[in-house]
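Below is one structure, written out as C-alpha cells; the observations come after it.
The values are calculated or read from the model by the stated rules, or taken from the named source; none is laboratory data. Quantities reported herein were computed from a predicted structural model and do not represent experimental measurements. Reconstructed Cβ throughout: ideal geometry from the backbone, glycine too, with neighbour counts over all protein chains shown.
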Amino acid sequence: MQKKTKLIIDTDGVTDDIRALTLALQSDLAEVVAITTTHGCVCVDQATANMSRTLKANEKTVPIYKGAANPIINKPLMDMSNIFGHDGMGDKPDAVPAAVPEDFTNFVPNKHAAQSLVDLCRAKSPLSAWDR
C-alpha cells in the first residue's frame, strides 16, 4: 500500500475549499491531519462552522484550529456573498448536514491556527504534498 501524504488544509471555508477538503478526506492517497481556518470570503467563525459541517458530512474527525479574524494587512474585508452566499455554502443551512450551534464551537480551543501550523510541522515531518 502506498504511503499517504499528510496534509494540513488551510481554508476560508467556502464551497471551493469544501470540495477540496472532501476530495482529500475521501482519498486513499491523503491523510488530513488538521484544518486551519481564517477569514476570507466569510468570517473565521463561519469558516470554522463550515469545516465542522464538512467533517460531519464525510463522517471524519480532524482537529480544526481557528485562525485570524482580520487580515494582517489593513485592507477592508470583501463581501463575496453574491458568489458564495452569506454562509459560504450557498445559504443552505438546512442542507445535509444541517447547521447546528455546535458547528461554531467545534475547534481546538486556546490554540491559534498559526501556532498549530508551527507545532504540527515540527511534530509530523514530513507533512507536505511536495515531500516525495
Do the conditions hold for Glu102, that is, is it closer than 27 Å to Thr5 by Cβ and loosely packed, with under 13 Cβ neighbours inside 10 Å? no
Subset of region 14-31 [touching a strand residue (DSSP E or B) at 6+ places or on another chain (Cβ under 9 Å) and either in a helix (DSSP H, G or I) or buried (at least 20 other Cβ atoms within 10 Å of the Cβ) (or both)]: Asp17, Ile18, Ala20, Leu21, Leu23, Ala24, Leu25
Among the residues of region 61-99, which ones are of a type in the set (Val, Ile, Thr) and either in contact (Cβ under 8 Å) with a residue 24 or more places away in the chain or under 17 Å from Val42 (Cβ atoms) (or both)? Val62, Ile64, Ile83, Val96
Of a type outside the set (S, T, N, Q) and either assigned to a loop (DSSP other than H, G, I, E, B) or within 17 Å of Ile8 (Cβ to Cβ) (or both), is that true of Ile72? yes
Go over the candidates Thr54, Thr37 one by one and state the one that is closer than 16 Å to Pro109 by Cβ and of a type in the set (Ser, Thr, Tyr). Thr37
Name the residue that is surrounded by the fewest Cβ atoms within 10 Å (Cβ to Cβ), counting only residues in region 68-87 that are of a type in the set (D, E, K, R) and farther than 17 Å from Ser52 by Cβ. Lys75
Which of (1) in contact (Cβ under 8 Å) with a residue 24 or more places away in the chain; (2) of a type outside the set (Ser, Thr, Tyr); (3) crowded, with 18+ Cβ neighbours inside 10 Å; (4) under 29 Å from Ala123 (Cα atoms) does Ala57 not meet, given it meets every other one? (3)
Among the numbered criteria (1) farther than 26 Å from Ser81 by Cα; (2) modelled with pLDDT under 95; (3) assigned to a loop (DSSP other than H, G, I, E, B), which single criterion is violated by His39? (1)
Among (1) β-branched (Val, Ile, Thr); (2) in contact with a Ser or Thr (Cβ under 7 Å, 6 or more places away or on another chain); (3) in a helix (DSSP H, G or I), the one test that Ile83 misses: (2)
Do you know which of the residues in region 55-72 that are of a type outside the set (Lys, Arg) and farther than 24 Å from Asp119 by Cα is modelled with the lowest pLDDT? Ala57
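Does Gly90 satisfy the condition of being surrounded by 15 or more Cβ atoms within 10 Å (Cβ to Cβ) and either on the phi > 0 side of the Ramachandran plot or of a type in the set (Phe, Trp, Tyr) (or both)?
Considered against the rule, which asks whether it is surrounded by 15 or more Cβ atoms within 10 Å (Cβ to Cβ) and either on the phi > 0 side of the Ramachandran plot or of a type in the set (Phe, Trp, Tyr) (or both), Gly90 comes out as no.
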Filter region 107-129 for residues that are modelled with pLDDT under 90 and assigned to a loop (DSSP other than H, G, I, E, B) and give the result. Lys124, Ser125, Pro126, Leu127, Ser128, Ala129
